[in-house]
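Trainee: The structure is given below, and queries will be raised subsequently.
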Amino acid sequence: MEEFEKWLKRHDVYLHRGLRICVRDGRRSVFADRAIPRGTIVLRVPKDCILSRCSSPLANLFADWGGTLDAQVALTLSFLYECHVGEASPWTAYIRLFPETIDSPKLWSSEASASLSCTEVGTVGGTDVRDWQRQFDRQVVPFLAYVQLRVPSLTEFRVNFPEFCRAIAVVGSRAFEIDAFHGLALVPFADMLDHELLETVHFETDYEVCEECGARAGDCGHTIDDDELTSNLGEDTCDLRVCRPLAKGQEVFNTYGELGNDVLLPKFGFALEGNIWDRVHLRTSKGADALPHEDHVALIRPQVAAWLALDGLPVASLEDACFFRYDGTPSNAMLLCAFRFSTSTTESFHAQQLLNLWRLVLLSATSIHQPIQPQNILDPYSESDLKFIQGRPPLRPIRPLPRSSLLLAASLEADQLDSALDKIRAGCIVLSGWAGALDERRASARISAEHPLCKIIHAGEHALLLRAVELLGACIASCDDLRDV
């Protein structure tokens, strides 16, 4: 670490004196040595010392090659080139701190990967190593052949597929989107911060720069010598600014975004227990593992899509819009699918009317049902999720909302209310069945003992779907109560 800290100083990287790097069990984390107020810039990295496809010695070759290179592939090749030149690389002290690889599901055994097949992670994708194989065969191999033909001195720069897999996993988990010129890049020190839903520092950079040279507006001059593998970059910085006051001894966190485990695991190689951004989608794919009623959902999709559009609620992909959230609540599109599917009543309601009434039903239901007990979900259960569940405010029975309030808030006529409540009640029954079927499909996969992350994924989805079943049961009871007002 001492060598890296000297490297930071030599490259004019500003690092706040109140930050320190700790290594525990081989894992690096950043802590505050003192209280640091909100708004303080704790890191300022000049863009001329970040590693990107534009700052790489391969930059001209990337630009001249006529083939396609994905942004992540180009950055991975830039990283591998620096590894290849070793001590001659200006980023040597930084690159030495990189892990050998990350726990990407693409690198798991086939048995471990199969345990994710019936989960949201397996459905969304990003766990198949064949994706990397295609990138290697179609992009890396032809590009390296071009490099060796164009620059004979680089004939020793070779990459095999296992090396590429390890490198792209590491690079993909640490890269930042910088600006219109650099695109993805590796930012020294900034990539040491771990992810947390509530970040304490925020990454800032000026994205709007010249796409040709990276200069800011009004300063658009650059020089690139075609005979040399170098780039001339303009002055600019990447900053970390404190967005929540840091106390002495507190770990410093950045956020990778509002991401569920279906993104965190494939992209970054970890999963969070009790991740509030987790979702479970209702997929309508055909096949042996199809859900009950999926054929019906597929059939009514055009009707529901038209219904949504009629009420100003367009959905580009109904399948992507149909999901249960972490707290068990269904999305609007999922609700409308169930409402449309559940009854054959000729009563016509606008989508917005039913959604307004649904919010009142949900309010009533969550005000009278009892908190979830941990032993009813999973034992053992994650500590962070228990805190979330048990930390909800005490729930007390309340009087059902007056009928006049229901009519006014839902914009319904008096003779429509009972029929609308019946539709919502029937829709909740359908949704509860779908949640149960999703959980059964998840449970059909064997949880791999090889990877504890599999258990986190399965436990999180199981808890989410049980919360949905409990919540929908409370909503069914609430519909009955509201009808009796």
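The values are calculated or read from the model by the stated rules, or taken from the named source; none is laboratory data. The structure presented is a predicted model; accordingly, all values stated were derived computationally and were not measured. Cβ coordinates were reconstructed from backbone atoms using ideal geometry, including for glycine residues, and neighbour counts include every protein chain displayed. Note: accessible area is taken over every heavy atom of the protein model, side chains too, but ligands, DNA and RNA are not part of it. Shrake-Rupley method; radii C 1.70, N 1.55, O 1.52, S 1.80 Å.
Trainee: I'd like the accessible area for residue 2: 1.4 Å probe, protein heavy atoms, all chains in place, Å² to the nearest 10.
Mentor: Surface open to solvent at residue 2 totals about 120 Å².
Trainee: Around residue 323, which amide H atoms from residues at least 5 apart in sequence, or from another chain, sit under 5 Å from its own amide H, with H modelled in the peptide plane?
Mentor: Excluding prolines and chain starts, which carry no amide H, the hits are 282, 331, 334.
Trainee: Given the options 102, 89, 143, identify the residue whose Cα lies farthest towards the positive end of the charge dipole of the range 77-147 (+1 on Cβ of Lys, Arg; -1 on Cβ of Asp, Glu).
Mentor: The Cα lying farthest towards the positive end belongs to 143.
Trainee: Could you run the Karplus curve 6.51 cos²θ - 1.76 cosθ + 1.60 with θ = phi - 60° over the range 423-432 and give me ³J(HN,Hα) per residue in whole Hz, x for Gly and Pro?
Mentor: Result, ordered by residue: 5, 5, 4, 5, x, 5, 5, 4, 4, 4 Hz.
Trainee: If you build the Cα gyration tensor of the range 80-184 and take the root of 5 times each eigenvalue, what three semi-axes come out, in whole angstrom, biggest first?
Mentor: Output for the range 80-184: semi-axes of 28, 17, 14 Å.
Trainee: Continuing with this model, one more query. Given H placed on each backbone N at 1.01 Å, which residues far from residue 253 in sequence or on other chains put an amide H within less than 5 Å of it?
Mentor: 200, 201
Trainee: Among the listed pairs 9/106; 248/455; 9/267; 423/455; 267/455, give every one whose C-alpha distance is greater than 28 Å. Walk me through the numbers before you get to the answer.
Mentor: Working: 9/106 37 Å; 248/455 34 Å; 9/267 31 Å; 423/455 37 Å; 267/455 18 Å.
The answer is 9/106; 248/455; 9/267; 423/455.
Trainee: What ³J(HN,Hα) values, in whole Hz, does the Karplus curve 6.51 cos²θ - 1.76 cosθ + 1.60 give for the range 14-19 when θ = phi - 60°, with x put for Gly and Pro?
Mentor: Per-residue couplings from phi come out as 7, 10, 4, 5, x, 9 Hz.
Trainee: Still on this structure: For residue 103, tell me the accessible area in Å² from a 1.4 Å probe, rounded to the nearest 10.
Mentor: 60
Trainee: Under 5 Å between amide hydrogens, which residues at least 5 positions from residue 19 or on another chain qualify, with H placed 1.01 Å from N in the peptide plane?
Mentor: Residues meeting the criterion, in which the H sits 1.01 Å from N, are 33.
Trainee: Something else: Do any trypsin sites (Lys or Arg not before Pro) in the range 141-174 lie in a loop, going by DSSP, with at most 15 other beta-carbon atoms within 10 Å of their beta carbon, and if so which?
Mentor: 158
Trainee: How much length would be gained if the chain were fully extended between residue 414 and residue 251, taking 0.36 nm per residue of separation minus their Cα-Cα distance, in nm to one decimal?
Mentor: 53.0 nm
Trainee: What list of ³J(HN,Hα) values in whole Hz, one per residue of the range 433-441 in order, does the Karplus curve 6.51 cos²θ - 1.76 cosθ + 1.60 (θ = phi - 60°) give from phi, with Gly and Pro shown as x?
Mentor: Karplus-based 3J(HN,Hα) across the range 433-441 equals x, 5, 4, x, 5, 4, 5, 5, 5 Hz.
Trainee: Place +1 on the Cβ of every Lys and Arg and -1 on the Cβ of every Asp and Glu in the range 3-66, take the dipole about the Cα centre, and give the residue among 19, 46, 57 whose Cα lies farthest towards its positive end.
Mentor: Toward the positive end, the furthest listed residue is 19.
Trainee: What does the highest-first list of 80-88, 474-482 look like by mean Cβ count within 10 Å?
Mentor: Details: 80-88: 14.4, 474-482: 20.3.
Order by mean packing, descending: 474-482, 80-88.
Trainee: Further question: What does the highest-first list of 327-334, 456-463 look like by mean Cβ count within 10 Å?
Mentor: 456-463, 327-334
Trainee: Net charge around residue 34, counting only other residues with Cβ within less than 11 Å of its Cβ (Lys, Arg = +1; Asp, Glu = -1)?
Mentor: On the way: positive: 17, 20, 248; negative: 33.
Once positives and negatives cancel, what remains is +2.
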